[in-house]
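**Q** First the structure, then my questions, so here it is.
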Amino acid sequence: MYKYDEYDHKIVQERVAQFRDQTNRYFAGELADEEYLALRLQNGLYVQRLAPMLRIAVPYGMMSSTQVRKLADLTRKYDKGYAHFTTRQNVQFNWPKIEDVPAILEELASVEMHAIQTSGNCIRNTTTDQYAGAIADEVIDPRPYCEIIRQWSTFHPEFAFLPRKFKIAVNSVPDQDRAAIMVHDIGIQIVVNDQNEVGYKVYAGGGLGRTPMVGSLIREFLPEKDLLTYLEAILRVYNRYGRRDNKYKARIKILVKAMTPQVFAEKVEAEWEHIRKSGSELTDTEINRVKQYFTAPDYATLSDTPTELAARLQDNKAFKNWYERNTATHKQSGYRVVTLTMKQIGTPPGDVSDKQLETIADLADDYSFGEVRVTHHQNVVLADVRQDQLFDLWQRAYTAGFATPVLNLLTDVICCPGGDYCSLANAKSIPVAEQIQSRFDDLDYVYDLGELELNISGCMNACGHHHVGHIGILGVDKKGEEFYQVSLGGSSGKLGGGSNAAIGKILGPSFARDEMADVIEKLISVFVENRTEEELFIDTYRRIGMNPFKERVYAQAH
Amino acid sequence: MPKLIKNEAIIDDQWTLLEEVDSVENVSENTIVPLAFWLENKDSLPANTGVWFASNEEPETISDVVNDLPLIAIHFPKFADGRGYSIARLLRERYGYQGEIRAFGDVLQDQLFYMKRCGFDAFVIRADRDMEKALQSLNDFSVVYQTGGDARPPVFRVR
Ligand code: HEM
Ligand code: SF4
């Protein structure tokens, strides 16, 4: 994991001082509301329906157990004893006091954490695959590149006041994309060319929200050292020409579409030619320096499927289910990648209490080299677990409620905070998730359905990624009443049969909240009746199209 | 005389900025005129005439003559309009502009560090704000992670 050196410490401490001063000036009336708004947002501080909300950065989703314990401690001291894992791999506090935020930041700084650029119209936290470094099929560990981007984007002087927020995601696995790079402002796919050189395929102009779009390829192969100069060229073109007259048209996706991806790419190339040899060109020394922080942990020499594991798998079905569903193949023999699902029925997806945070930290210490990752599915990953310790871990995770074996299944719902917490919501989303999770509580049945992404957002902003759910649910407002629109066929890319990223299509008229579980059940029944063996929901949908689903769902309503 | 921050000190502003100007006769020494006007009349203007850019105007239009100018001002219609940052970097880094680059308009304390790093060296702080306090923010951070228009190397080249 990356460790701060004196320079990193200095920057974060100077930020705490700066933000404290800004907050003092705000309370002294020296900063207007809208000025403080822009500044506080660049520091992750929203003012929400019930209270302020603070979004804490978790660079590419990675945390140490020390950091997790600190979060637990802070939720007790300054909040109501719980926090929330977000779809951007960050952590949110829902009830801090504005006056306390400088103190929270100071405490975060003591464990190498901050809330820099977790919101606002600047470059946000760069995200990546939560299995990075632990899986065999990645081209190269993407985390050093994410860290390099993190540093470059931190307080970038030219890009602190962009037309809109800006998100970059990196993926390094050829046929899986756990980072959803195609629906980011910039998506970077790490590749190796036929001369065996590391580089990047660059996509731009993806994004969700009001006008959801899949990104376009703008560069087939960018050499390794040119990462920052090329990003700088993209951002400069966007900063200068992105629309600023209408916030709904201000995202880079609108610019790329208006210019066409070809013309946009040409503009970027022209800009890049001027700066590719600037001080931002990466050096081998820097790449290697950062890589040193992401070397493999001290793995033991072990063989796969040790006898004690084989025996447990034989005689414990619950454990076997969990093993098959929530753990994944590791590049190191004798290890597995484990996902702890934060999806117990009755708890909003992603919510964790202070005690649970501490349990996660303990589990990380006892089983995974003291390190955890947050996933964009609002779950938590322990990346390096010994197979001979899986049963112990499972027992403890089970007791803590983190072992619901539903990873990537229907009930592993992604869900935004919706109307329960968010002042922008058109409708509640948490109760919908809960209703569906309760309806589909028969695990065998849910297993049989195979991988299926169900994503729920409380409004068009799409925090719950509804556009890229195989089934998406969107809260809409009709004359002051809450309704839900369903879409089908979305995909964040490559998950489920290597399929491509796509934006879901709307099924038809929206539904009342209490109909939602029935609607989902009907959709599922169409799938079950039509699927061929091994087909996932998304495949069946792509084969048979929208109509059969539509007919079933709306048939009885008339 | 109005004041501004220049080279990290508060000094008297020697320049007059004309938001609009219709004739060369109205331009005296030490005047800053709109870019379009300057482009049209540059040969008949006093030697000591500066220009100002609106945030959507392009430094490309004066790329070959920038160094004839004693001063370039960049307008910030709103503090949240970040185009001026890119304009300043292009002037400094691409066109090698050596003269004064000043920010005016909605220019507030918390932008100054970023502006300075993009190559601005003069700041006309919004009239209702405290210039002394603003001055301190020029140095909010002592370490920088990336290249800018201020010739400081990114920390990765120093480490
Ligand atoms: C409760 C406070 C929150 C507020 C006020 C909020 C606000 C917003 C807004 C305004 C957008 C739209 C941006 C756009 O269209 O450009 C957005 C998008 C988004 N938010 Fe949130 N959000 C909140 C919580 C969350 C949470 C809890 C998550 C994760 C669980 C999240 C993740 C996202 C994501 C992934 C997007 C979509 C990004 C895209 O357009 O590509 N947000 N949010
Ligand atoms: S999708 Fe809408 S309701 Fe949900 S968190 Fe985002 S802004 Fe709030």
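The values are calculated or read from the model by the stated rules, or taken from the named source; none is laboratory data. Quick caveat: nothing in here was measured; it's all calculated off a predicted structure. Quick reminder, even Gly has a Cβ in these numbers, built from the backbone with ideal geometry, and neighbours come from all protein chains shown. Heavy atoms of the whole protein, side chains included, go into the accessibility calculation; ligands, DNA and RNA do not. Shrake-Rupley method; radii C 1.70, N 1.55, O 1.52, S 1.80 Å.
**Q** Condition test on residue B:46, is it open to solvent by 10 Å² or more (accessible area, probe 1.4 Å), more than 8 Å from chain A (Cβ to nearest Cβ) and modelled with pLDDT of 95 or more?
**A** Spelling it out, it is not the case that residue B:46 is open to solvent by 10 Å² or more (accessible area, probe 1.4 Å), more than 8 Å from chain A (Cβ to nearest Cβ) and modelled with pLDDT of 95 or more.
**Q** Could I ask something else about it? Limited to the range A:296-315, what total is found for residues that are assigned to a helix (DSSP H, G or I) and in contact (Cβ under 8 Å) with a residue 40 or more places away in the chain?
**A** The qualifying residues number 3.
**Q** If I filter the range A:316-325 for residues that are open to solvent by 10 Å² or more (accessible area, probe 1.4 Å), in a loop (DSSP other than H, G, I, E, B) and more than 26 Å from residue A:63 (Cα to Cα), do I get at least one hit?
**A** Looking for residues that are open to solvent by 10 Å² or more (accessible area, probe 1.4 Å), in a loop (DSSP other than H, G, I, E, B) and more than 26 Å from residue A:63 (Cα to Cα), one finds at least one in the range A:316-325, hence yes.
**Q** For the range A:175-211, which positions are crowded, with 19+ Cβ neighbours inside 10 Å and acidic (Asp, Glu)?
**A** Passing the criteria: A:177, A:185.
**Q** I would also like to ask the following. For the range A:154-175, which positions are touching a residue at least 24 places away in the same chain (Cβ under 8 Å) and within 14 Å of chain B (Cβ to nearest Cβ)?
**A** From the range A:154-175, those touching a residue at least 24 places away in the same chain (Cβ under 8 Å) are A:154-156, A:158-175; that's our starting set.
Those that are touching a residue at least 24 places away in the same chain (Cβ under 8 Å) and within 14 Å of chain B (Cβ to nearest Cβ): A:154, A:155, A:156, A:158, A:159, A:160, A:161, A:162, A:163, A:164, A:165, A:166.
**Q** Of all the residues that make up the range B:129-142, how many are surrounded by 17 or more Cβ atoms within 10 Å (Cβ to Cβ) and facing chain A (nearest Cβ under 9 Å)?
**A** The number of residues fulfilling the criteria is 3.
**Q** Please give the helices (runs of 4 or more DSSP H) falling wholly within the range A:1-90 in which 2 or more residues are within 13 Å of another protein chain (Cβ to nearest Cβ).
**A** Values: elements: A:6-27, A:33-41, A:65-78.
In the range A:1-90, the matching helices (runs of 4 or more DSSP H) lie at A:6-27, A:33-41.
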